[in-house]
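Below is one structure, written out as structure tokens, with a few remarks after it.
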Amino acid sequence: MLEAAAAGTTRMNVKMADAVALAKISGLTAVDEALGEAATYGRFATGDLASILGSNSSRTLTHRADEGQSLAQGTAGWAAIGRPIAPMLDVSADDLEESA
């Protein structure tokens with residue numbers, strides 16, 4: 001917080017209280033890293049620390065879908081693009097009546 005004071009940041013008591021509250025939620029290590037980032041980029045406005053914490057947590061969490069459980073149709077249908085169209089069978093109305 002020396003960097004914040006040196007930058008002329010106001011309301012340091014409020015911002016430190018926010019940092020302590022965030023440390024209870026996010027953990028001391030995460031808040032310490034976020035404070036380091038805030039110092040690096042000179043981000044000491046109200047809400048900056050919470051924003052940095054939020055952006056760091058979203059980068060570390062990844063979710064992978066299991067392809068065996070996927071509902072996606074896949075891209076196999078795109079393989080037909082550019083291929084010649086197969087000729088249609090010539091079926092007349094007479095053929096349909098005979099088979100019925």
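The values are calculated or read from the model by the stated rules, or taken from the named source; none is laboratory data. The structure displayed is predicted, hence computed values, not measured ones. These accessible areas exclude ligands, DNA and RNA; they are computed on the full protein's heavy atoms, side chains included. Shrake-Rupley method; radii C 1.70, N 1.55, O 1.52, S 1.80 Å.
Between residue 75 and residue 33, full extension at 0.36 nm per residue minus the direct alpha carbon distance yields a gain of 10.9 nm.
Remark: accessible surface ordering of 81, 52, 25 (largest first) is 25, 81, 52, probe radius 1.4 Å. Converting phi to 3J(HN,Hα) with the Karplus coefficients 6.51, -1.76 and 1.60 and the offset θ = phi - 60°, the stretch 11-28 yields 6, 4, 4, 5, 5, 5, 5, 4, 5, 5, 4, 5, 5, 5, 8, 9, x, 5 Hz in sequence order, with x at every glycine or proline. Between residue 46 and residue 85, the contour length at 0.36 nm per residue exceeds the alpha carbon distance by 7.8 nm.
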